[in-house]
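Reading through the structure tokens given below for one structure.
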Amino acid sequence: MGTMDPSSPLTISDRSLPNVAAESVIALLEANGQCDARTVDRARRVAAESGQRIDRVLIQLGLVNERDLAAAFATLLNLPLAAPERYPTVPLLPDLLAARFLRHARALPVLVDENGLVLAMADPLDRFTPAAAGIATGQSVRIEVAIPIDIEAALDRLYPDSNAPAADIGDTNDGLEEDTERLKDLASEAPVIRLVNQIIQRAVETQASDIHIEPFEDRLRVRYRYDGVLHEADSPSVRLAPAIISRLKIMSRLDIAERRLPQDGRIKLAVRGSDIDFRVSTIPSLHGETVVLRVLDRSALSLDYASLGLAPGIVQKLKHTFDLPNGIVLVTGPTGSGKTTTLYTGLNGLNAVSRKVVTAEDPIEYQLHGINQIQVKPQIGLTFATLLRSILRQDPDVIMVGEIRDGETAQIAVQAALTGHLVLSTVHTNSAASTIARLRDMGLEDYLMTAVLRGILAQRLVRRLCQNCRRPAPALPEMVRRFGLDQRCEGEPVLWHPVGCQHCRDTGYRGRQAIAEFLQLDATIERLIFTRADGSEIERAAVAAGMVTMFDAGVTAALEGTTTIEEVVRAIRAEV
């Protein structure tokens, strides 16, 4: 196959378009660093054996991103790229363009105007489809490049009745509850497999952290979590719910016949050329089983403090405590506040040939090379406490305990710290100072806390403002008074606000960062612990000693333009 300069756009009239464009788009992807020569060589061998175009092989093998490929085609062919909001809310020209034809061609009419018909196509090199659509409608046809996952979701939304298994599932819904084999067969149907793959791929493509699939009486709701906030997506027909959920259970090796009890499993798939892990949880609900998939993209995991967004002062103190030979370092906060990622970042820095590092986790979210990670299994008696006892016999230097949940685990962690080990763990508390009271409630003696505690980090995650569309504005007088903004900066306080653009899915936010406070024990705080002072007294003493509270760290981040005051208040639930 010949190649051409990827920077020069092609036109639809080029006779050699399919071959030349396929090679040119690969050259453009290579130039942009979106695939490498090794990947292309592998795809060429498969393409030669199968007789398929190389771009199709790359997609089928999960070696390139669908969005990157579509954008490259749009550049090369000098065509617009159809955004999801471009797709209509009702079918256009349904009497002239059959759903079966559009599904087979992976094409969708998105606009009819005085200039003719605009057709979004997943394969812009296909000449037959626009020609056939022009003959059928009597219109001149203009082409836009469609991202396959977007156009397939739109087709499912606009033409739900054309999905072959849907009628079968609707007709036999009651029987499916009793007929496991029938359900297994339906879950193995090609349309269901394709639909589930679309749901999963969309999550990875759009960098969602979770997928929520929830059946209700009249619909099946699919939601994705972005930066901690759920967003609803186009939902499949409710008649497909049993087959979709069964397909996910088959993929995660769960028992599809068991629909009365919660189950947990994992899925490992190659998406975008990367191995992606999904942690799967199912629970029974009124109208069926709800399924949540946590997306664990190891390629997107960045174990460095800069990506966490922690203040430099806190990073310095945290690194110092991690370098200590023994003691306990705790990270606190609610579920989903990034505690595990912070500990993983610390472990990554401690990981060396000269140290033996062992973790006890529930569950193991990411695999860390060179670190011994152990999964807690309470159903067989392998709890944090029993596992911690056994780990101590392995002569480790550093131990990470996923969570200190009870007095027994706390006592063993203290003994490990007293005998020369560095113990890292998490506790569910609202602030660093309140962790003292929580440990006391677990039965830990005051003198033991003062002997082993080296530092307590409390953190929350707030959404980062999109740097492409954020806008500044002078802070309102009420905000200045309420938060004391004039005392935190020189000149007139300026706050940044979300706007929304294509880079942030029109939310105004892109990514998250941690805001935190770090409590170190000094003589004053140790005396307060011995006098059984409450959390507020300990916090006041820590602030007097130089601790920056979480809320103050959040307000500073808002003044720097990385987040908003509203996000800080939402994340901390502060009464201010």
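The values are calculated or read from the model by the stated rules, or taken from the named source; none is laboratory data. Quick caveat, the model's predicted, so the values are computed rather than measured. Here Cβ is always computed from backbone atoms with ideal geometry, including for glycine, and neighbour counts include all displayed protein chains. Side chains are part of the model used for accessible areas, which takes the heavy atoms of the whole protein and leaves out ligands, DNA and RNA. Shrake-Rupley method; radii C 1.70, N 1.55, O 1.52, S 1.80 Å.
Residue-wise test of (1) at pLDDT below 95; (2) on the phi > 0 side of the Ramachandran plot; (3) touching a helix residue (DSSP H, G or I) at 6+ places or on another chain (Cβ under 9 Å).
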position	(1), (2), (3)
Ile314	yes, no, yes
Phe322	yes, no, yes
Pro325	yes, no, no
Leu330	no, no, yes
Gly338	yes, yes, yes
Asn348	yes, no, no
Ala352	yes, no, no
Glu361	yes, no, yes
His369	yes, no, no
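Only one entry of Leu269, Leu296, Leu303 meets the criterion of being crowded, with 19+ Cβ neighbours inside 10 Å and either assigned to a strand (DSSP E or B) or touching a residue at least 12 places away in the same chain (Cβ under 8 Å) (or both), and that entry is Leu296. Quick one: is Arg510 open to solvent by 50 Å² or more (accessible area, probe 1.4 Å), on the phi < 0 side of the Ramachandran plot and part of a strand (DSSP E or B)? Yes: the conditions hold for Arg510. Do we find that Ala451 is of a type in the set (A, V, I, L, M), surrounded by fewer than 17 Cβ atoms within 10 Å (Cβ to Cβ) and assigned to a helix (DSSP H, G or I) in this structure? When the stated conditions are applied, Ala451 passes them. Of everything in the stretch 333-373 that is of a type in the set (D, E, K, R) and in a loop (DSSP other than H, G, I, E, B), the residue that is nearest to Val295 (Cα to Cα) is Glu365.
Every condition in (1) within 30 Å of Ser434 (Cα to Cα); (2) part of a loop (DSSP other than H, G, I, E, B); (3) touching a strand residue (DSSP E or B) at 6+ places or on another chain (Cβ under 9 Å) holds for Ile515 except the one numbered (2).
The combined condition, being farther than 26 Å from Ala270 by Cα, open to solvent by 20 Å² or more (accessible area, probe 1.4 Å) and modelled with pLDDT of 75 or more, is fulfilled by Asp95. For Ala574, the requirement of being at pLDDT below 90 and either open to solvent by 70 Å² or more (accessible area, probe 1.4 Å) or farther than 17 Å from Arg464 by Cα (or both) is met. For the subset of the stretch 374-409 comprising residues that are polar (S, T, N, Q) and in a helix (DSSP H, G or I), which member is least open to solvent (accessible area, probe 1.4 Å)? My answer is Thr409.
When Gln459, Gln467, Gln415, Gln411 are checked against the criterion of being under 30 Å from Ala557 (Cα atoms) and free of Cβ contacts under 8 Å to residues at least 60 places away in the same chain, a single residue qualifies: Gln467.
When the stretch 524-558 is filtered for residues that are of a type in the set (A, V, I, L, M, F, W, C), outside any loop (DSSP other than H, G, I, E, B) and open to solvent by less than 40 Å² (accessible area, probe 1.4 Å), the ones remaining, listed by number, are Ile525, Leu528, Ile529, Ile538, Ala541, Ala542, Met550, Phe551, Ala553, Val555, Ala557, Ala558.
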